[in-house]
Structures are given as structure tokens and as C-alpha cells.
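Structure first, then comments.
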Ligand code: GLN
């Protein structure tokens, strides 16, 4: 089976694992739920067992400090940028996968990188300003109903950098809230806090494709 990891240092871990399990039952055959095993990742050796990884929401500064302390930061960079394995970051996870983050209060923070974008953290303000918005996400397929995007102290992509290798996958008004670059995918919002499995199903489909073709093309550039 393919091993799908959820980075479990902090944040919305269980919600992702639960939705991944459900999503696995929705994949078109020949994929079956038995094709996957799910692993909460806290150590470099657990990461090494993974074919793909979700970095959940939470707090990206804290997550980076904990990752550094556990010796996971460089293995994560290798996983994303050298090995080119599929990785999806939600909210704080998107921040971690950005090449640059412009913080509102904090100064610099360590990032994993992989997406040639700069994110603006806490774009919509504090926890109190959390909201839900109906998003049209073309990658889910034509004529699909909107996806309920849950935004909690959410970052947005404020600039696609470099040669523009990062592809915009979803917007909320003028703001870029979903982005993909080769093996790396990021969303500002939290699909794991809904019961809508569609993005998890889509992403697992990408993971299966990547495995079939022996990995997705690595098109990352900038240092994280
Ligand atoms: N504001 C957090 C950060 O910048 C992200 C919030 C979230 O993941 N819900 O890391």
C-alpha cells in the first residue's frame, strides 16, 4: 500500500486522517481503501516511510520550531524538494510550503519551501474574523458545486514568484487561496474541517498517479 503521512507536531491532525480514510473509499477502482495506510508523522524515520504527506493547519511558527527540535526540518525539505513526493499543506501547512512568508507580527520564520510563492499570514485578521466562503474550484471538475472554504487566521498567496511555476488552483475574490507546483499543493482554507471529501479524494488521486509514474516532476526552485 501507499503510506500517506500527516505531520503530527501540532494542529488539525486527526481531522485530516479521518477525512483521508473516508476519501480512500471514494477513489475510482482499481484503487481500494486497502491501497493506503495512514501514518501520523513525528520523527524522521516515520517520514521516511511515507509516499506522500499532509501538513495540517495550526500555527506555522510553532510547527517550524518543533520540526527543527525533532530534526524534521531538513528531512521535510528533502521529502518535498529533492524526493519530489506529493505534499499538501492546509493553512499553516501552506505557510510552511511557501518560499517566503510575510508575517504580520513575527519576524522571520523557518519554512520548508517547495512553492515559489510568498504568502501573507493572517490575511483576514484574528480567529474572531474566521469565516466560511463558497469557493468555485475548477480542478474538482466542471459543473461541480462550490466547496465550503473554512478560513481561520488564513494565509493567502500574495505573490507567485520567479518564473511563475506555481499554478493558481483557486481564488476567493482577488486572493489566491489554492496553489500547486508539481508535487506540492497548498490551500489557505481547511477542507478537513468540513465533511466534504472532494479535495481529499482529488489529492489522493494525484498521489496514486504520482506513484504510478514513479513520482511527480520536481519543478521547485527557490530556497525555503
Ligand atoms: N495563522 C496561522 C499561521 O500563520 C495559520 C492558521 C491556521 O492554520 N488555521 O501559521
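Each value in this text was obtained by applying a stated rule to the coordinates, not by laboratory testing. Remember, predicted model here, so these are calculated numbers, not experimental data. For neighbour counting, all protein chains shown are included, and Cβ atoms are generated from backbone atoms with ideal geometry for every residue, glycine included.
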note = Gyration tensor on Cα atoms of the chain, a ≥ b ≥ c root eigenvalues, a/c under 1.5 rounded, else prolate if a/b beats b/c, else oblate, says rounded
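Of all beta bridges DSSP finds with both residues in the chain, what is the antiparallel percent, to the nearest 5? Provide the component values of the computation, followed by the final result.
Details: 19 of 39 bridges.
In the chain, DSSP labels about 50 percent of beta bridges as antiparallel.
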key: Sorted peptide list for 79-91, 41-53, 7-19, criterion being average Cβ within 10 angstrom, highest first   = 79-91, 7-19, 41-53
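Quick check: residue separation of residue 174 and residue 68 times 0.36 nm, minus the Cα distance between them. What number comes out in nm?
Contour length minus the Cα-Cα distance gives 34.7 nm.
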ask   = What does the helix-only formula give at 222 nm for the chain: each DSSP H stretch with n ≥ 4 adding -39500 (n - 2.57), the total divided by the residues, and the result rounded to the nearest 500 deg cm²/dmol?
value = -6500 deg cm²/dmol
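Shape call for the range 78-191 from the C-alpha gyration tensor, a ≥ b ≥ c root eigenvalues: rounded (a/c under 1.5), prolate (a/b greater than b/c) or oblate? Walk me through the numbers before you get to the answer.
On the way: a/c = 1.80, a/b = 1.11, b/c = 1.63.
In terms of gyration-tensor shape, oblate.
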task = Place the peptides 170-178, 183-191 in order of packing, highest mean first, counting for every residue the other Cβ atoms within 10 Å and averaging per peptide.
result = 183-191, 170-178
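Does the range 106-168 classify as rounded, prolate or oblate by the C-alpha gyration tensor (a ≥ b ≥ c root eigenvalues; a/c under 1.5 gives rounded; else a/b over b/c gives prolate, otherwise oblate)?
Numbers: a/c = 2.99, a/b = 1.18, b/c = 2.53.
It is oblate, given that a/c is not under 1.5 and a/b is not larger than b/c.
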